[in-house]
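Structure first, then comments.
Readers should treat all values here as calculations from the given coordinates under stated rules, not as data from a laboratory. Computed from a predicted structure; not experimentally measured. Using ideal geometry, Cβ is built from the backbone for each residue, glycine included, and neighbour counts are taken over all protein chains shown.
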Amino acid sequence: MSRAHAKKPSRFWLYFPFLLLLLAAGAWTGWWFYARDRVDAAVDRWIAEQTAAGAEVSYASRTLSGFPFRYDLVFGKPDIRGADGVQWQGDELQLVMQPWDFRHIIARAPGHHVVTTALGLRNSVELDGKAAASLSWTDAGPRRIGLQSGDASAVINGHAYDLSGFVLNLAPRPESPDDLMVALQWDKLSMDEAPATAPYLGTELGPSRLIGEVRNFFPAYAHSDHETGGLWRALLEVGGGVEVAQMLVDWGPMDLGGKADLTIENGRANGSIGLRLDHPDTLKEAMMASGHWSTMEQTVLGTLEPASRNDGFLTLVVIDSRIFAGPVPLGALPGSGS
């Protein structure tokens with residue numbers, strides 16, 4: 001065969017990868033805009049449900065962008081008044097989702113916010129751009145809730161607070177989904193006045209931490225009609241437990257450590273509470289200088305100091321919701337009826 005009649009090689013396979021890329025990009029674009037409409041419709045349904053339940057929801061603007069790899073839902077000047085009369089007004093609310101995982105939402109609300117209680121008391125909060133909340137869930141319930149503050153300031157019940165480095169993580173224990181794991185810490189918390197009963201503590205808390213777990217949290221939370229204020233009473237009624245693996249509180253001259261393990265059954269708590277005081281001399285000097293050095297305060301400090309040596313703990317025993325230091329009763333836990 002002559003060279004003039006030789007068959008030219010096909011260029012199909014040369015262009016095939018680009019064709020696949022174009023098809024994939026087109027399919028992804030179609031999915032993104034389809035899912036965007038679903039997100040918009042879900043927001044409208046939620047607003048309609050809240051309105052039907054007696055709430056009032058409004059905003060100055062609403063945008064949904066983020067193509068191609070996320071959804072940025074932004075409300076300008078959101079204003080939500082619940083059926084119970086509690087109202088939240090903010091500068092902005094940002095909700096971020098990803099097209100492949102609508103069960104994970106990141107929320108930000110930078111700027112000025114006003115929360116008005118049902119009694120008409122106004123509380124204000126200022127959040128910077130680092131403040132965020134993260135919520136993820138499965139069919140079984142929440143998977144993780146996270147909060148971080150950045151630098152925040154607030155006026156609550158007429159008192160001013162400044163907070164930095166706040167982090168809160170909540171998650172069900174994987175092997176025991178009824179239990180809630182809790183991790184809480186902050187770098188600095190300042191308030192406008194010291195406690196009236198302990199002015200020697202001052203107005204600033206340094207780096208502090210709490211790591212623990214509430215056993216049977218979710219059944220108790222449901223039993224309390226989803227009211228956190230009624231959680232302890234619900235635990236007494238349905239049973240559960242509280243474990244504090246680590247507590248560190250740095251408050252002025254007081255460096256307090258703690259741990260606890262309480263089992264709650266039949267309306268009573270049993271277990272132990274451990275307390276440790278570091279640098280007791282610093283606290284003692286502050287108490288004496290402020291004139292708070294009564295016999296009771298001397299007894300408490302005199303008991304904690306030797307027990308805390310060599311990283312030890314003063315162990316308080318809890319029997320039927322009553323707290324004992326050795327054979328000496330110190331009081332009772334809330335709701336014990338004792």
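Filter the GluC sites (Glu not before Pro) in the stretch 75-175 down to the DSSP loop ones having no more than 15 other Cβ atoms within 10 Å, then list what survives. Please report the intermediate quantities before stating the final value.
Values: sites: 92, 126, 175; in loops: 175.
Counting only loop positions with at most 15 other Cβ atoms within 10 Å, the GluC sites (Glu not before Pro) in the stretch 75-175 are 175.
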Handout entry: CD proxy at 222 nm, helix term only [per DSSP H run n ≥ 4: -39500 (n - 2.57); per residue of the chain; nearest 500]
Key = -7500 deg cm²/dmol
Problem - Full-extension gain in nm, residue 156 to residue 320, via 0.36 nm per residue minus C-alpha separation - result: 55.4 nm
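Would you kindly state how much longer the chain becomes between residue 124 and residue 101 on full extension, computed as 0.36 nm times their sequence separation minus their alpha carbon distance, in nm to one decimal?
Contour length minus the Cα-Cα distance gives 5.0 nm.
Using the scaling law 2.2 N^0.38 Å as the reference, what is the normalised Cα Rg of the chain? Walk me through the intermediate numbers first.
Details: Rg = 28.1 Å, N = 338, 2.2 N^0.38 = 20.1 Å.
The reported ratio for this selection is 1.40.
Report the semi-axes of the equivalent ellipsoid for the stretch 217-338 in whole Å, largest first, where each axis is √(5λ) for an eigenvalue λ of the Cα gyration tensor.
Values: eigenvalues 193, 48, 39 Å².
Taking √(5λ) for each eigenvalue gives 31, 15, 14 Å, largest first.
Once fully extended, how much extra length lies between residue 49 and residue 33, figured as 0.36 nm per residue of separation less the alpha-carbon to alpha-carbon distance?
Numbers: separation 16, 0.36 × 16 = 5.76 nm, distance 2.45 nm.
Extending this stretch completely gives an extra 3.3 nm.
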Handout entry: In nm, spacing of pseudo-spin labels at residue 42 and residue 25 (7 Å Cα→C-beta vector)
Key = 2.8 nm
Practice task
Take the alpha carbon atoms of the stretch 248-289, find their center, do the same for the stretch 24-88, and report the distance between the two centers in whole angstrom.
Solution key: 45 Å
Practice task
Would you calculate the separation in nanometres between label points at residue 297 and residue 226, each defined as 7 Å from the Cα along the Cα-to-beta-carbon direction?
Solution key: 4.5 nm
Handout entry: Residue-by-residue Karplus 3J(HN,Hα) for the stretch 45-52, coefficients 6.51, -1.76, 1.60, Hz, glycine and proline x
Key = 5, 4, 5, 5, 5, 5, 5, 5
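Between residue 59 and residue 238, what's the calculated FRET efficiency when r is the beta-carbon distance and R0 is 35 Å? Round to 0.05.
Details: r = 39 Å, r/R0 = 1.12.
For residue 59 and residue 238, the calculated efficiency is 0.35.
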